[in-house]
Amino acid sequence: MSWKHVSLLALALSGGSVLAQTTPSKPAAPKSISPEREFLERLATPFYAPGSTTAQVLVGKAPADLGFALPAGSRVIGSVTTQSKDPSFPAGATVYFDTVQTPAQVEAYFARALPGAGWKVFPREGNDLSGEGGFQPTAVAGGGFYYRQAPDQTLGVTAQRVGQTTQVRLSVERASNLKQMLSYARPGGPVSPSLPRLQAPADATVSPRGGGGNGNNITQYAGIESRLGRAALYDFYAAQLRNAGWKLSNRAETGQLISTLWTFTDDGETRVGLFLLNEVGTGQYRATLATQGLE
């Protein structure tokens, strides 16, 4: 057999092997759970979580090991628990439930119930990331933020009144950085500025959309529905920033976006503030408020 024939035979064999290996196949679905539950648990698993992370969805139930009771008469919608072998991932449990109690009553209930289960109120003296500053929501809301050590965990309660019902989200998470969080919050620790309280315009709907902070940096996002035009809405909030001691350094307008840079003094130090207002539709806005220290 010539080298030419050997080469052709080898190529044919290798090509056949490649084709056999790349034939499309459908991954097998787990047989132990329903397609609906598989979908819910995939939806509840954070997409960028470590590969070892798994989620479990409980419909109409709270986790059995929650460690404390929910307010009497609560109707549990469901809960999601996540587990991960990565110790830095904030695995934990989130419970969704409804109650006829007001948000203030829900907040008072957990303030009484949680200390007996080993939870402490998270200190706020040095660092206010609790949502009390920044864009003030128009819905009647309440809640609280707690922590405990060994194991290091945080617990957040958010309650919002919708009609005659209060919808509550309770989240318990593993907190590998709890020591650092407490160092910023306790008296004598590093101090970071809180955001100015910005009240909503009349007849507007303001919904905080999250945010966070670390040290001198705090950011908050909000969705706003208002009949005010973009310029008038900006002026409404800008006046409150000036009343809080912020001084405008730069203002730019590009398309539907107004971006402004501010400076203010906090604890004797000059800091930078940022206020963005983006009109995403008629009467629909997205806003950002942030602070940053100057190194």
Exercise for the section: Read through the list (1) within 21 Å of the chain's Cα centre (by Cα); (2) modelled with pLDDT under 75; (3) surrounded by fewer than 16 Cβ atoms within 10 Å (Cβ to Cβ), then give the number of the only condition that A139 fails. Expected result: (2)
Completion exercise
Residues of segment 142-157 being out of contact with any Leu (no Cβ under 8 Å at 6 or more places or on another chain), open to solvent by 60 Å² or more (accessible area, probe 1.4 Å) and on the phi < 0 side of the Ramachandran plot, in sequence order, are P151
Exercise for the section: Being open to solvent by 50 Å² or more (accessible area, probe 1.4 Å) and touching a strand residue (DSSP E or B) at 6+ places or on another chain (Cβ under 6 Å) is the filter; apply it to segment 70-101 and report the residue that is farthest from R161 (Cα to Cα). Expected result: Q83
Handout entry: When residues of segment 221-239 are limited to those that are open to solvent by 20 Å² or more (accessible area, probe 1.4 Å) and closer than 15 Å to S207 by Cβ, the one nearest to the chain's Cα centre (by Cα)
Key = Y221
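Residues are listed down the side, and each one gets a yes or a no for (1) touching a Lys or Arg at 6+ places or on another chain (Cβ under 7 Å); (2) under 21 Å from D266 (Cα atoms); (3) at pLDDT 90 or above:
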site	(1), (2), (3)
V157	no, no, yes
G163	no, no, no
E173	no, no, yes
S176	no, no, no
A185	yes, yes, no
P190	no, yes, no
P208	no, no, no
G211	no, yes, no
Problem - Pick from segment 33-69, criterion under 20 Å from A113 (Cβ atoms) and either open to solvent by 30 Å² or more (accessible area, probe 1.4 Å) or outside the structural domain of Q164 (by the TED database) (or both), ranking: nearest to the chain's Cα centre (by Cα) - result: A62
Practice task
Tell me, yes or no, whether segment 267-278 has at least one residue that is in a strand (DSSP E or B), in contact with a Ser or Thr (Cβ under 9 Å, 6 or more places away or on another chain) and basic (K, R).
Solution key: yes
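The values are calculated or read from the model by the stated rules, or taken from the named source; none is laboratory data. This is a predicted model, so every value here is computed, not measured. As a convention, Cβ positions derive from the backbone with ideal geometry for all residues, glycine included, and neighbour counts pool all protein chains shown. SASA here: full protein model, heavy atoms, side chains in, ligands and nucleic acids out. Shrake-Rupley method; radii C 1.70, N 1.55, O 1.52, S 1.80 Å.
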